[in-house]
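Down below is the structure, laid out as structure tokens.
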Amino acid sequence: MLKNIVEATTNNISNNVKESLKSEQVRKDMLELYGPEAFLDQENLKYPVMNPNSGKFRSDLIYSAYVHAAIQESKSEDEEKGEYYTNIKNKAQELFEEKGCATELNVKIQGFEHSVIDITELMYLNTEELNLDWIE
């Protein structure tokens, strides 16, 4: 199930936004146009949380940042990196709550879309208790 959640988080982001965010120049432009709040890690232009075209916060980007950071935090053997990911995860969670993001995640399983996962509950899972070894 967790694998479906991770995949659904990535799949919820439109292809247009995903493609735009792959460009380093787009990220630099976002920093210039929207300021440091466009990223959870402004210094490295990582974990974008705004639509690169409109500058509006996107729940799917915020949640995707949370999921990625939580996974990396749980896999990290380096204390400094672990703290980095904990910080990103906490920023994402705070922003998610501050912006009043939707609390359900649409998940496509076998071609059918479901809105059954309350993602706010997932944010409080202790990732150390999860088996995330299957994630590369």
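The values are calculated or read from the model by the stated rules, or taken from the named source; none is laboratory data. Please read these numbers as outputs of a predicted model, since none were measured by experiment. Backbone-built Cβ (ideal geometry, glycine too); neighbour counts: all protein chains shown.
Within the range 9-28, residues that are modelled with pLDDT under 95 have Cβ atoms under 6 Å from residues that are among the charged types (D, E, K, R) in these pairs: Asn12/Asp60; Ile13/Asp60, counting only partners at least 6 apart in sequence or on another chain. Does Gln93 satisfy the criteria of being assigned to a helix (DSSP H, G or I) and at pLDDT 95 or above? Answer is no for this residue. What residue, of Thr120, Thr86, is in a helix (DSSP H, G or I), at pLDDT 90 or above and of a type in the set (Val, Ile, Thr)? The unique qualifying residue is Thr86. I'm trying to understand the selection: among the residues of the range 31-55, which are within 18 Å of Asn15 (Cβ to Cβ) and either without any contact (Cβ under 8 Å) to a residue 12 or more places away in the chain or in a helix (DSSP H, G or I) (or both)? Residue satisfying the conditions is Ser54 alone. Note on the range 75-94: residues that are over 15 Å from Lys46 (Cα atoms) and surrounded by 19 or more Cβ atoms within 10 Å (Cβ to Cβ) total 1. Does Glu32 meet the test of being among the acidic types (Asp, Glu), more than 15 Å from Leu95 (Cβ to Cβ) and modelled with pLDDT of 95 or more? Yes.
Only one entry in Gly55, Gly82 is in contact with a Ser or Thr (Cβ under 6 Å, 6 or more places away or on another chain) and not acidic (Asp, Glu), namely Gly82.
In this structure, is Asn131 under 13 Å from the mean Cα position of the chain (by Cα) and either at pLDDT below 90 or of a type outside the set (Lys, Arg) (or both)? Answer is no for this residue.
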